[in-house]
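Accompanying notes for the structure given below.
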Amino acid sequence: MPEQASTLAPEIDFVFNVITWISIFFFVLIVALLVIFVLKYRRTNGRRPEESPTHHTALELTWTIIPLILVIVIFYYGMQGYIIASTPPVGAYEVNVTAQKWSWRFEHRNGARETAELVVPANRPVRLIMTSQDVLHSLFIPAFRVKQDVVPGRFTQVWFTATRPGEYDLFCAEYCGTEHSQMLARVIVLEEGKFEEEIERRAQWIDEVAEEQLYLAGGRIYLSTCMQCHTVQPGIRLQGPSLWDTHELLVQGGQRQFADGNSRVVDENYILDSLNVPGREIVVGYGNVMPPHDRLSTRSKIALIEFIRRLDEIELDARGRPSIPDVGELVEEEGP
Ligand code: CUA
């Protein structure tokens, strides 16, 4: 079992363990009796089957009433857990969550927006208000024992109280297309005081620092939204073309060839159209797999274009990913 990092986790594990141990007990009991009876009452040479009773009321009542009580106990604990898990406490800290093929977006009330990280306070109830921009996704945080479908066209919710500061995995648990397995994020749990500070920093980073260092803001969007299908290394292809190639074409004003025989100069508008209506111009040699990102804010799109334009200024780490400074570091450098 993953670490128990929310108030809900011990309760859910308890019910899980109760059901597992009851099942193990009866499995062993039934298989043992089966083997014993097969051996003891087997038909051997010269031995006729004995007369056996056809009915035994006490026995039948026993094996009906005991399982009935067990099932009622299991139902009681399950129902209790379900009611707790589906009723967020009033006054919980709220975060809006938007899922999209194949990334998450977490928006805080103070304006802080994150895609790769969900920052939450420790020891305080958190309620996630979730919706999807395209298909069915599911938000799953194993350490908190919460999993909830994220549905287009309506809101679903999930809540938890994280008990231990630290970093935890967040997965998409509903198959949603080719890069479903890459639809990941980190949950960062911070102590109450630190949390307020961090969320303030992040809001400020978006408002002020991003203005100065727009291309780095674009880099963060790349890491959470584009990286699954586009590398930034020359000539290395995934589902989509390498953005390094796009960078070179953008800087040199080069042309891009499309599958329908047309071509176009790679400029800002080309990138914008690729984000908004990716299916219209398919680069030669690639499939029509990219979902539209037309709901990214205009600012985010500008940031992404800046990121592509200045790719040659960005160092890559050992895995070939751009090294984008952490939000905190940036604020430290640029802060007031
Ligand atoms: Cu989103 Cu799987």
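Please list the helices of the chain that count as membrane-span-like by this rule: a mean Kyte-Doolittle hydropathy of at least 1.0 together with Cα atoms stretching 15 Å or more along the helix axis, each helix being a complete DSSP H run.
Going by DSSP H runs, the hits are 8-40, 57-86.
Above 17 angstrom, tally the Cα pairs of segment 85-135 and express them as a % of all pairs, no decimals. Cα-Cα pairs of segment 85-135 separated by over 17 Å account for 38 percent. Report the longest stretch of the chain that contains none of the GluC sites (Glu not before Pro) sitting in a DSSP loop with at most 10 other Cβ atoms within 10 Å. Longest run free of exposed loop sites: 52-314.
Evaluate the charge dipole of segment 111-159 about its Cα centre and quote only its size in Debye, nearest 20, assuming +1 on the Cβ of each Lys and Arg and -1 on the Cβ of each Asp and Glu.
The dipole of segment 111-159 has a size of about 220 debye.
Mind running the shape call on segment 104-228? Use the C-alpha gyration tensor, a ≥ b ≥ c as the square roots of the eigenvalues: rounded below 1.5 for a/c, prolate if a/b tops b/c, oblate otherwise. Cα axes put segment 104-228 in the oblate bin. Between VAL38, ASN276, GLN182, the Cα set farthest toward the positive side of the dipole of the chain (charges on each charged residue's Cβ, about the Cα centre) is that of VAL38.
Between segment 166-200 and segment 219-242, what is the separation of their alpha carbon centroids in Å? Cα centroid to Cα centroid, the span is 20 Å.
For the chain, DSSP calls about 70 percent of its internal beta bridges antiparallel.
For segment 105-198, trypsin sites (Lys or Arg not before Pro) are listed when DSSP marks them as loop and at most 13 other Cβ atoms sit within 10 Å of their Cβ; the list is ARG109, ARG154. Over segment 138-202, the reciprocal of the mean inverse Cα-Cα separation, the Kirkwood hydrodynamic radius, stands at 13.4 Å. If a/c stays under 1.5 just call it rounded; otherwise compare a/b with b/c (prolate if a/b is bigger, oblate if not). Do that for the chain, with a ≥ b ≥ c from the square roots of the Cα gyration tensor eigenvalues. Judged from the Cα gyration tensor, the chain comes out prolate (a/c at least 1.5, a/b above b/c).
Amide hydrogen proximity for SER138: with H placed 1.01 Å from N in the peptide plane, the residues at 5 or more positions away or on another chain lying under 5 Å are VAL150, ALA173, GLU174.
When you filter the trypsin sites (Lys or Arg not before Pro) in segment 12-68 for DSSP loop state and at most 12 other Cβ atoms inside 10 Å of their Cβ, you are left with ARG42, ARG43, ARG47. Computing FRET efficiency as 1/(1 + (r/R0)^6) for SER52 and ILE83, where r is the C-beta to C-beta distance and R0 is 51 Å, gives about 0.60. Remark: the chain carries a charge dipole of roughly 2040 debye about the Cα centre, counting +1 on each Lys and Arg Cβ and -1 on each Asp and Glu Cβ.
Which loop chymotrypsin sites (Phe, Trp or Tyr not before Pro) in segment 147-202, with loop taken from DSSP, have no more than 13 other Cβ atoms within 10 angstrom of their Cβ?
Answer in residue order: PHE155, TYR175.
Close amide H contacts of VAL187 (hydrogens built in the peptide plane, cut-off under 5 Å, sequence separation of 5 or more or a different chain): LEU118, TYR168, ASP169, LEU170.
Read-outs: derived from the displayed coordinates by stated rules, not from any lab. For clarity, every value in this text was computed on a predicted model and none was experimentally measured. Note that we place each Cβ from the backbone using ideal geometry, even for glycine, and neighbour counts take in every protein chain shown.
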